């Protein structure tokens, strides 16, 4: 074969080889490009789905804010950082320990650093401390971003707001009752509570908790015409920011959950029942009242044995007569009296905005039960129900529903009328006399310009079915009595005498008494209520 032919064949082979290589490269490029496109699309969709899942989970975790009536935040979900350390990744433990001690002087991490398990240095760490930790450049430190429920006022609204669990589910209080609304809406839940007033009420309760060494105490301030609760405090309380499993019975919400025999505050209802059933008038005279009665073998006597034997119906309430109250209840009759207490919502479990509600102890009605119920003995209820009943008595006799939820009311409709407006005014005047007259039991509440009216109640506490020397002292007050707007209930659970407390009368006599002479509501709960009203009065006058 000639050289020309060989060169020609070689060029053909090279040409075929080049064509074949270019074709393969082109096909590979196409496949590679398609792979990149599909991979990118898959990654994008994956990230998008993941983002949606994370967003969805984040929405599930978030809870709407809770605000007071003025728009102040009392519960809010915020982003926070938790800081932890993996001891296995620490290079120089001694150096890290010194650095941590400088940042967290009150904590000791030595034992945990020498271990092998991950541990949290601090949850919900402040931005300032977080920045200092980051500057250490320690790879073993792990930052965890999460969300948390924050309560700016700590203990102030503890029993009302309630708690959430580790999964952000409401387990008590408003957090539980409105769990659905808080987790499905971005709109804040607005309450009727007033933070400024709540603070003052709690401050005064705490002050007198120390004075009278009470086992516990509670106070409720409510508008009598619409049932809006401006303040609800129960002591002892707890810090909502410290998520703890609270099993201590002492920490119950005494305002709503506590069930008590409240004593003579019930005598107001006995008089109201007599007036409403037209069996007495305020000036109806009860003559030759005995100092003692017997019922089913048990003796019932006057608390004050110096009480006159002849009294009008009005004077029976002012002087807090047990026997006189029984006589009025007997005139009313068992069925009418029972129905009247039920109409006031005193003897059955009440419907309310939170689930922590006490159930009055059921009992069988009879002649003796009628007698003892007339002066608040052997019948139980909650401070919340007492507040509702006194609001009805004071507001013209119209039923109201206590509430913690602020609602827009264009036209305020009056509820069912339980007593007449005429009888309501009569009772308000008598309750005022309990404060201003010498024979009344609430003289300490006589503050000039406030027109406080109310009734005291001192009851022996029943423990395991037996009456003890321990007491529950209550003052149910309304003000101003000439045109009532508010009801304030103050309850002291097992108060004790104070040797050093100084009482000052504001009724023009300039009297001063050192030490608590009697463990009665007139010397304990009335003094607390008087101090509360004196401090919140100017705020109420300006804001409402």
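Give the distance, in whole Å, between the Cα centre of region 418-473 and the Cα centre of region 522-544. Rounded to whole Å, the Cα centres lie 15 Å apart. Peptide packing: for 303-313, 350-360, the average count of neighbouring Cβ atoms within 10 Å per residue gives the ranking 350-360, 303-313, highest mean first. In bins 20 Å wide, starting from 0, what share of all Cα pairs of region 197-543 does each bin hold, as a percent? Reading upward from the zero bin: 32, 61, 7, 0.
Percent antiparallel among DSSP beta bridges with both residues in the chain, to the nearest 5? Once the DSSP bridges in the chain are tallied, antiparallel ones form about 95 percent. Multiply the residue separation of residue 99 and residue 298 by 0.36 nm, subtract the distance between their alpha-carbon atoms, and state the gained length in nm to one decimal. The residue 99-residue 298 span can extend by a further 64.3 nm. Both radii were evaluated on the Cα set of region 346-396; the Rg over Rh quotient, with Rh as the Kirkwood radius, amounts to 1.01. Taking every alpha-carbon pair under 8 Å whose residues sit at least 6 apart, region 262-371 reaches a relative contact order of 27 percent.
Relative to the longest principal axis of the Cα atoms of the chain, the long axis of helix 3-61 lies at roughly 0 degrees. Taking the 0 to 90 degree range and rounding to the nearest ten, how far is the long axis of helix 383-394 tilted relative to the main principal axis of the chain, both from C-alpha atoms? Compared with the principal axis, the helix lies near 60 degrees. Once Rg and the Kirkwood radius are both taken over the C-alpha atoms of region 254-361, their ratio Rg/Rh works out to 1.02.
Under conditions of 37 °C and 0.692 mPa s, region 66-153 yields 227 µm² s⁻¹ as its translational diffusion coefficient, taking Rh as the Kirkwood radius over Cα pairs in the Stokes-Einstein equation. As a proxy for reagent exposure, 91, 316 were ordered by neighbouring Cβ count within 10 angstrom, fewest first; the result is 91, 316.
I'd like the orientation of helix 322-332 relative to the chain: the angle between its Cα long axis and the longest Cα principal axis, in ° from 0 to 90, rounded to 10. Compared with the principal axis, the helix lies near 90 degrees. Centre-to-centre separation between the Cα atoms of region 113-166 and those of region 313-356: 52 Å. Taking other Cβ atoms within 10 Å as a rough exposure proxy, 504, 254 sort from fewest to most as 504, 254.
Each 5 Å bin from zero holds the following percent of Cα-Cα pairs in region 80-125: 5, 22, 34, 27, 11, 1.
Since every read-out is calculated from the coordinates, none of them should be taken as a lab result. As the structure is a prediction and not an experimental result, all values here were calculated from the model. Quick reminder, even Gly has a Cβ in these numbers, built from the backbone with ideal geometry, and neighbours come from all protein chains shown.
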